[in-house]
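The values are calculated or read from the model by the stated rules, or taken from the named source; none is laboratory data. None of the values given here were measured: they were computed from a predicted structure. Here Cβ is always computed from backbone atoms with ideal geometry, including for glycine, and neighbour counts include all displayed protein chains.
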Amino acid sequence: MDWELVGTIIYIVIIVATCLHIVSNIHSTEKALAYMLVTIFVPFLGIAIYFAFGLDYRKNKLYSKKIVTDKTIREELQRRIKLESEKAWSSPEPVIQRHKKLALYLLNDGMSPLSGNNEVKLLVNGEQKFPEVLEALHNARHHIHIQYYIFEDGEIADQIKDVLIQKAREGVQVRFIYDDFGSRSIRKAFVDELRANGVEAYPFYKVLFILLANRVNYRNHRKIIIVDGCVGFTGGINVSDRYVNKPGQLYWRDTHVKITGPGVYYLQYLFICDWNFCSGKRLKLHPDYFCATPDAKGKAIVQIAASGPDSDHPTLMFSMEQAISLTEKELLITTPYFIPGQKIMDALVVAAMSGVQIKLLVPGESDSAFINMAARSYYSELMEAGVEIYQYKKGFIHAKTVVSDGELAIVGTANMDNRSFEMNFEVISMIYDPETAKELRDIFYGDLKHSVKISLKSWKKRPFYKRLPERLVRLFSPLL
C-alpha cells in the first residue's frame, strides 16, 4: 500500500472538510476567504489556526445579554427606553435631528437609549484621567463597578486597589471585572488581595492556557467605571503606568470621557450583563444601581453603543457606517489600528468623493509590524479618493475617536478593525453635543501639530518590495 498516497488523500479530505466548515460557520465572506487561504496554503498549521481562533462564537452564543428574561418586564423596559429616547428626539437641538437615523438604529438594534441632560468631560491621557477616577472612587457611597481589558500591575493599579479596598471596608459594594488575558499580570496576588479585603473580583471568560486558548480572540475590551450609578468613565485608556507619560518613557496619547447623568445608565446595564456572565451570580436591575437624581450640570445628549460576539449584528461597524454616511462637511478619525474592511472603506471613499473633508490620524508606527503593514495597504485607495492621512510622530497614539461635522463626538474602546467590530466586546459613547464635539475637534487638530501628512505622490513611489508585503498581508486582514 502506498502510504504516502493515503496520507495525501486523507490530508486533502481534511482540507476540504475544514473549508466546508469555514463556509458553514463564518458569516463574513472576507473572513471566510482569509481562513480558507490560511487553511489551504499553510499546511497543518492553517487548520490549527482556524479551529483555535476562527470559530464564530456569535452563532454559539457564548454569552447572552438578555438578562431580563421575563417577557412582560422586558417589553415594559423596551417601551420606557423608547419613550425616553423620544423625549430626547423632541429636543430643538439640530444635531439630534441630523443624526436621528443613527440614534434610531442604535435604539432598534441594541436597545440603547438616547439620554439628555448629561455633563460630559473629555480626559486627555492618563494625566487627566486617573486623578478624576481616583476622586470619583473616593466619593463613592453605595457602589463601585469597574471593568478593564488591561489592568496592569504598577503604581496606578496600586492606587486604585487601595481605594477599592478602603471603600469595601466602609461598606461600599465593590465589584471588579478584569479580562483574564489582557490583565494577566494581576491574576494571582493582586486579585487575591482584593478578594481578601471584601472586593468581589472575577475574570471575564477565564483563560486556562494563555498561549493556546481559543478564547483569546473573544476578549472583553471594554473599559468601564460606574460610581453610585451617577458617574461613569469609558474610552481608550487602560489602567497602566504607561499612560501617565513620565519622562524617559514612550509618550502615549489617548482619550477617555467622564459622563455624569442618565447617560451612565446603559454603561451600568452593560456592566451588570457582564457581571452576571462572568460571576455566575444574578445581580438584578435594581433602582439602587441607577441614580434617581443625577447631579448633572450639562445638556449633552448621550447614547452608549456596544457590541460583541453575543450581538446579532456587528452594531459598532454598522453605526460607524451610518455616522460616516450622515457626515456632510468634515469627518475626523483617530485610531491606533486601521484595518477597516470593505464596508467601512466603501463608506469612507463615497463620503470623500462626495465632498466630505476626511482626515485620518494613525500612529507613525504601530506596536505590531504585521498590523502596520495591513493598515498601509489601504492608504493609497483612500488618498486617491481625497482622504487626508496623518501619521502621529510624538509617540504612540492609542485614542479611538471620531468627530462628525463638529456636532457629533464619538469616544470609545473600539479600534477601526475587524477584531473590534466582530471579535471583542466593545463600548463607545455617542455624544450629540456641539460643545463636546468642538473640544474634541480642537484636540484632534492639536494632535496634527505632532503629525506628518502622507503625500500620495511620494507614497505611490515607494519601492515594490515595500508595497508587495502590504498587499499580501491585506489578504489576511479580516483575521487581524
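Evaluation of Ser112 against the conditions (1) in a loop (DSSP other than H, G, I, E, B); (2) surrounded by 19 or more Cβ atoms within 10 Å (Cβ to Cβ); (3) assigned by TED's automatic domain parsing to the domain that holds Asp228 shows that the sole unmet condition is (3). For the condition in contact with a Ser or Thr (Cβ under 9 Å, 6 or more places away or on another chain) and surrounded by 17 or more Cβ atoms within 10 Å (Cβ to Cβ), Leu267 qualifies. Restricting attention to the range 116-156, the residues that are assigned to a helix (DSSP H, G or I), closer than 26 Å to Cys291 by Cα and of a type in the set (Asp, Glu) add up to 2. Taking the criterion of being farther than 13 Å from Cys230 by Cα and out of contact with any strand residue (DSSP E or B) (no Cβ under 7 Å at 6 or more places or on another chain), the residues of the range 265-280 that qualify are Ile272, Cys273, Asn276, Phe277, Gly280. Residue check: Pro247 meets all listed conditions (1) out of contact with any Asp or Glu (no Cβ under 7 Å at 6 or more places or on another chain); (2) assigned to a helix (DSSP H, G or I) but one, namely (2). Every condition in (1) under 21 Å from the mean Cα position of the chain (by Cα); (2) at pLDDT below 95 is met by Glu381 except one, and the failing one is (1). Filtering the range 372-395 to residues that are part of a helix (DSSP H, G or I) and either buried (at least 17 other Cβ atoms within 10 Å of the Cβ) or in contact (Cβ under 8 Å) with a residue 60 or more places away in the chain (or both) leaves Asn372, Met373, Ala374, Ala375, Arg376, Tyr379, Ser380, Leu382, Met383, Glu384. Among the residues making up the range 397-416, a single one is of a type in the set (A, V, I, L, M), touching a Gly at 6+ places or on another chain (Cβ under 7 Å) and either more than 17 Å from Ala103 (Cα to Cα) or assigned to a loop (DSSP other than H, G, I, E, B) (or both): Ala399.
Which number in (1) at pLDDT 90 or above; (2) assigned to a loop (DSSP other than H, G, I, E, B); (3) not aromatic (Phe, Trp, Tyr) marks the one condition that Lys101 misses? Here Lys101 meets the rest and fails (2).
All of Tyr202, Tyr218, Tyr243 fail the test of being crowded, with 16+ Cβ neighbours inside 10 Å, touching a Ser or Thr at 6+ places or on another chain (Cβ under 7 Å) and aromatic (Phe, Trp, Tyr), apart from Tyr202. Here Ile259 does not qualify as within 15 Å of the chain's Cα centre (by Cα), surrounded by 18 or more Cβ atoms within 10 Å (Cβ to Cβ) and in a strand (DSSP E or B). Restricting attention to the range 339-378, the residues that are out of contact with any Pro (no Cβ under 9 Å at 6 or more places or on another chain), closer than 20 Å to Tyr445 by Cα and not small (Gly, Ala, Ser) add up to 7.
Condition check for Gly446 on (1) part of a helix (DSSP H, G or I); (2) under 29 Å from Lys101 (Cβ atoms); (3) not hydroxyl-bearing (Ser, Thr, Tyr): one failure, at (2).
Residue by residue, here is whether (1) among the aliphatic types (A, V, I, L, M); (2) in a loop (DSSP other than H, G, I, E, B); (3) over 21 Å from Thr436 (Cβ atoms) holds:
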site	(1), (2), (3)
Ile304	yes, no, no
Ile344	yes, no, yes
Ala352	yes, no, yes
Glu365	no, yes, yes
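Reported count of residues in the range 329-371, each being at pLDDT 90 or above and surrounded by fewer than 14 Cβ atoms within 10 Å (Cβ to Cβ), is 6. For the range 286-301, the count of residues that are of a type outside the set (S, T, N, Q), free of Cβ contacts under 8 Å to residues at least 60 places away in the same chain, assigned to a helix (DSSP H, G or I) and more than 25 Å from Arg419 (Cβ to Cβ) is nonzero.
Report yes if Phe425 is within 18 Å of the chain's Cα centre (by Cα), crowded, with 18+ Cβ neighbours inside 10 Å and touching a residue at least 24 places away in the same chain (Cβ under 8 Å), otherwise no. Yes: the conditions hold for Phe425. If you check Arg419, Arg441, which single one turns out to be surrounded by fewer than 24 Cβ atoms within 10 Å (Cβ to Cβ), at pLDDT below 95 and not in a loop (DSSP other than H, G, I, E, B)? Arg419 is the lone residue from the list that is surrounded by fewer than 24 Cβ atoms within 10 Å (Cβ to Cβ), at pLDDT below 95 and not in a loop (DSSP other than H, G, I, E, B). Output the residue which, of all residues in the range 143-189 that are touching a residue at least 60 places away in the same chain (Cβ under 8 Å), more than 19 Å from Asn276 (Cα to Cα) and not hydrophobic (A, V, I, L, M, F, W, C), is surrounded by the fewest Cβ atoms within 10 Å (Cβ to Cβ). The residue in question is Glu155.
Going through (1) small (Gly, Ala, Ser); (2) surrounded by 18 or more Cβ atoms within 10 Å (Cβ to Cβ); (3) within 21 Å of Asn220 (Cβ to Cβ); (4) modelled with pLDDT of 85 or more one by one, Gly308 falls short only on (4).
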